[in-house]
Amino acid sequence: MTTINDIITYFETFAPLSLAMDFDNPGLLVGSKSSAVTRVLAALDITKEVVLEAEKAGCELIISHHPVIFNPIKALSSSSVPYLLAAKGISALCMHTNLDLSTQFGVNLCLAEAIGVKNPTLSEQGECLFIGTLTESAYINAFARNVKTSLECKGLRYTDVKSTVKTVAVSSGVGGSNVIHAAELGADVLVTGEIRHHEILAGNAAGIDIIDAGHFKSEDIVILPLIKKLSDKFPEIKFTKSTACDDMIKYL
């Protein structure tokens, strides 16, 4: 019998909870470590729709990137997702910044691999910032198109400060604050999921290109590789990627 604790123990070998940043709340947030597991749904986020999808599929556990409980709960509404999970008897295991920061397997490593960045290494500067290189230099507009295709983005934003790029910084999710650190490390372009206006202007002034692929697309890229990794370790468990998990963003 495989338990949730067995899965957590395996996570500890490549994305230990000790890696998580101080503000974070990763780990088993709903359920018991001793619960047996035969079916698991994996999703970037746990929404009401994802819980109902897990129930329909007979899953005892949902593994997500973003914590379903982030801030302290002062009241538990019957319409809340944590309440729904408990009512349905479905556990929630959330691996957040520990999976962002992992240098063995994690979100940023999967992002880098997907867009063709070789030998990504975790920088000591910034937060969740990895630096690597392309096999050969590419025009920024061609590289941006490659990112869009590789991450299956419906659209993205990019700047064209320099015509060609080779050294690439990646920082999934809210990584725009790393733009100056990336420039100081010699990156030609920062690929991230969210960046604010003043950070874009700072990047322009520092001479670094920016590709803003969207928070969801920059992180959802980890889910299928994670399912394969967990399936290889636990072949007795059926792992499935959520189809209900979507940020619902549209582009005109």
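Read the figures in this text as sums done on the coordinates, not as results from a lab. Computed from a predicted model, the values in this text were never measured in an experiment. Using ideal geometry, Cβ is built from the backbone for each residue, glycine included, and neighbour counts are taken over all protein chains shown.
Mean residue ellipticity at 222 nm from the helices of the chain, using -39,500 (n - 2.57) per DSSP H segment of n ≥ 4 over the full residue count, to the nearest 500 deg cm²/dmol?
-9500 deg cm²/dmol
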Size of charge dipole - region 107-252 - debye, nearest 20, with Cβ of Lys, Arg +1 and Asp, Glu -1, no other charges: 420 debye
Fraction of alpha-carbon pairs in region 6-55 farther than 12 Å apart, rounded to whole percent, equals 74 percent
With x for Gly and Pro, the residue-by-residue ³J(HN,Hα) of region 33-40, computed from phi through the Karplus equation 6.51 cos²θ - 1.76 cosθ + 1.60 at θ = phi - 60° and given in whole Hz, is 4, 7, 5, 6, 10, 10, 9, 9
Quick one: length gained pulling Ser80 to Phe14 fully straight, 0.36 nm per residue minus the C-alpha distance? 20.6 nm
Work out, step by step, the length gained on full extension between Lys233 and Gln104: first 0.36 nm times the residue separation, then minus their alpha carbon distance; give nm to one decimal. 44.9 nm
Please list, in chain and number order, the residues 5+ apart from Val191 or on another chain whose amide H is under 5 Å from its amide H, with Hs placed from the backbone. Ala169, Val170, Ser171, Ile211
Over 31 Å between Cα atoms: which of Lys74/Lys148; Lys48/Lys238; Lys166/Lys241; Lys88/Lys148; Lys48/Lys118 fall into that group? Lys74/Lys148; Lys166/Lys241; Lys88/Lys148; Lys48/Lys118
Charge-dipole axis of region 162-252 as Lys and Arg at +1 and Asp and Glu at -1 on Cβ define it, positive-most pick from Ala206, Leu185, Ile221: Ile221
With +1 at each Lys and Arg Cβ and -1 at each Asp and Glu Cβ, the charge dipole magnitude of the chain around its Cα centre, to the nearest 20 debye, comes out at 580 debye
Taking the DSSP beta bridges in the chain as the whole, what percent of them are antiparallel, to the nearest 5? 45 percent
Using every pair of alpha-carbon atoms in region 35-93, split the distances into 10 Å bins beginning at 0 and state the percent of pairs per bin, rounded to integers. 24, 58, 17, 0
With x for Gly and Pro, the residue-by-residue ³J(HN,Hα) of region 212-218, computed from phi through the Karplus equation 6.51 cos²θ - 1.76 cosθ + 1.60 at θ = phi - 60° and given in whole Hz, is 9, 8, x, 4, 4, 5, 6
Can you work out the FRET efficiency for the pair Glu55 and Leu122, with r the C-beta to C-beta distance and R0 = 45 Å, to the nearest 0.05? 0.75
Can you divide the C-alpha Rg of the chain by 2.2 N^0.38 Å and report the result to two decimal places? 1.04
